[in-house]
1. What are the residues in segment B:51-83 that are in contact (Cβ under 8 Å) with a residue 12 or more places away in the chain, under 29 Å from B:ILE103 (Cβ atoms) and hydroxyl-bearing (Ser, Thr, Tyr), if any?
2. Which of the following residues is at pLDDT 95 or above and within 12 Å of chain B (Cβ to nearest Cβ): A:ILE130, A:ILE138?
3. Which members of segment A:141-150 meet the condition of being open to solvent by less than 40 Å² (accessible area, probe 1.4 Å), touching a residue at least 24 places away in the same chain (Cβ under 8 Å) and within 11 Å of another protein chain (Cβ to nearest Cβ)?
4. Taking the condition at pLDDT below 95, open to solvent by less than 30 Å² (accessible area, probe 1.4 Å), closer than 24 Å to A:LEU51 by Cβ and aliphatic (A, V, I, L, M), does A:ALA109 pass?
5. Take segment B:106-122 and flag every residue that is open to solvent by less than 30 Å² (accessible area, probe 1.4 Å) and over 26 Å from B:MET183 (Cα atoms).
6. Can you name every residue in segment A:87-99 that is farther than 28 Å from A:LEU255 by Cβ and surrounded by fewer than 14 Cβ atoms within 10 Å (Cβ to Cβ)?
7. Can you list the helices (runs of 4 or more DSSP H) found entirely within segment B:233-324 that contain at least 2 residues being aromatic (Phe, Trp, Tyr)?
8. Residues that are touching a residue at least 60 places away in the same chain (Cβ under 8 Å), assigned to a helix (DSSP H, G or I), open to solvent by 30 Å² or more (accessible area, probe 1.4 Å) and among the acidic types (Asp, Glu): does segment B:144-152 have at least one?
Amino acid sequence: MSFEVQGSLFAAIVNLNHPDYYVHWGFILISLANLIVIIVLVALFVLAIGLPFLNVKLLPKRQARTVTVAPSTTGADDEEPVGGWTTKTRQLGLKYLPPDKLLPDGQPAYVASWVYVFGVLTIGALAVAILSGLILAIEGPSWWHLSSLGHFVNSMHLWSVECFMGFMTVHLWAKFWMAAWRGKRWLTWMTGVVAFMVSIFEAFTGYLSQTNFDSQWIAFQAKDALNSAGIGSIINPLNFGQALMLHIALVPIILVVIVGVHVMFVRVRGVVPPLDVRPVDLEDASVSAGLVVQVPASKVAQAEEVAR
Amino acid sequence: MNSWKADEALYARHWKGRERHYDIVKEASIAFLVVLLLSVGLAFLFSSPDTPSVTIQAWSKAQPAGFVDVALSELNDTSQSATYGQPYNTGSGSVQFLGSISIQRALGVRYPLNTAQDFVLNPLQTLPSEPQLASALRTYQQATVRQQDRWVNTYSKTVSKEKLSSSFVPRFVQGSGPVGELMTGLLAMAQSGALDAQLVSHSTFYTTDYTKPILFIGDSFAAQGNASYWGKIVASEHLTGSQWGVMNETGSWPGQPWLWLYTMWYQISPMSTSGNADILVISIMTVLTVALLLVPVIPGLRRIPERVPVYRLIWRNYYRQNQE
């Protein structure tokens, strides 16, 4: 495929390469493009709350038999545990994150709103950003300036990041108004906030790594803020090599780990119940604390069959 | 409203009501596909910005007198970079304080910068030997600092009368010693593109550090503002600090709207006029970030959502079914 054909294939349908319109209101000055992004996010949040959700299929009420077990033995290890770090790690994993919690096929019936999809959309956008970033990384930092295909991949990277930050913002708003930190879920909230902050830094290093006018100007402007706080002594935004390494190696690893921990906390603690939930809809405290576990009747019967 | 402790105990209990079917793998796959299609669609529709870098070559060709004016300030150590302070040197021009504390100063000089040597004299020494230039360099370096300052100041007075875009660069000005010769050589070097390469490559073959050329170009914006070559571009693109530039992007693309709060503080007094604006804004944002992080444990703040009935809409099906 010739360069010309690629160029016409990947050229923008809407030309944004002209000075933007700016909205000036008092001391507020905002570009039309940024304003549209903010309006879209607010609209998404309102629609997600307001629109009726899909007709959800309720599962048959799970019959459960309550059995009392010691908290340290989950029944996961059929044989006598050998001991050691590996066994303990497995036991901890099975205690706090058994397979049906890790990959659930049911959710509480109250999890029925479009607002819940923004968490997984954020992760989807992160995956697209990483994949498009990997292609850019394979070809090197200058490729996208020279190749129309490279420019297209860069555009995908940019828009997946805009989606990532946007979906994460809506997710954050939703979780705030749901007070999703309730019921000992404060670590879930905190890891989410840390992920948001790390994402802002990751985006910043991305802008520094573009090797164009944006990188120059953002580096020049950012240096004063970073220097004033002493951060500039460690992270020099004018050093392209450092910014690129941070952007494609260190910070993404930290971000993926934090997002992973965040998701794990969601799975361990479960989705927060509604405010003013009826106590009758919740397990007894002893069951929730793990002193008593509920085992579905089918599984008990299966275990009894095996034992016979 | 129950006590926080009682509510915590209640909300920590597991759900035992009805469950709905939920396919986490399917949901994640659909979300990935939706964003993939969205990103591809938006990339086709709007592409992405790529404004070429500004070079010293382009700057010195567009504004020869402006370039020489800045080069002179590098030579007599009066530019923003020369007087910046840590982490570049021991100046105090851009060192910021929070009260009487300066973390910036405490961490010392990390990337040593001597603008006269790094931006002017060392690059000139790399030029092929020209008797006039070599003699001028020797004369300048052997003179006392006081003499050097006198020469540069005398030359500056002549250059500062010119428009920034003027190509008039005198080789000799009465009372300026060898400075005219040095500036003629440096301008020719800049306009040929050799200075761009020299400032990044210095003494090594490979390089990834653009600290020196960006600081050099940046000094033109610091000294000449929106009239400078760089300043004209950034002001027309609404990228300066007073234009909420941190959020903005070149062209008509969205930038980083998530930085709206950070940028907003710079527009408000006392930050809008303070020499310590950056450290003040960073301090405010640090406090706000910690507050956001600690919402679950800050009394009052953690119960705000209970007072605003957005949650009634989110869980309206649950509340309706309970009423029924």
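1. Result: B:SER73, B:SER79, B:SER81.
2. A:ILE130
3. Filtering segment A:141-150 down to residues open to solvent by less than 40 Å² (accessible area, probe 1.4 Å) leaves A:144, A:147-148, A:150.
Now narrow it down to the ones that are touching a residue at least 24 places away in the same chain (Cβ under 8 Å): A:147-148.
Listed by number, the list holds a single entry, A:SER148.
4. yes
5. Within segment B:106-122, B:GLY108 is the sole residue that qualifies.
6. If the condition is that a residue be farther than 28 Å from A:LEU255 by Cβ and surrounded by fewer than 14 Cβ atoms within 10 Å (Cβ to Cβ), then A:THR87, A:LYS88 are the ones that fit.
7. Filter on segment B:233-324 gives B:260-265, B:316-323.
8. Scanning segment B:144-152 turns up at least one residue that is touching a residue at least 60 places away in the same chain (Cβ under 8 Å), assigned to a helix (DSSP H, G or I), open to solvent by 30 Å² or more (accessible area, probe 1.4 Å) and among the acidic types (Asp, Glu).
The values are calculated or read from the model by the stated rules, or taken from the named source; none is laboratory data. Treat the numbers as computed from the prediction; the structure is a model and nothing was measured. Note: ideal-geometry Cβ built from the backbone for every residue, glycine included; neighbour counts use all protein chains shown. When the accessible area is computed, the model is the full protein with side chains, heavy atoms only, and any ligands, DNA or RNA have been set aside. Shrake-Rupley method; radii C 1.70, N 1.55, O 1.52, S 1.80 Å.
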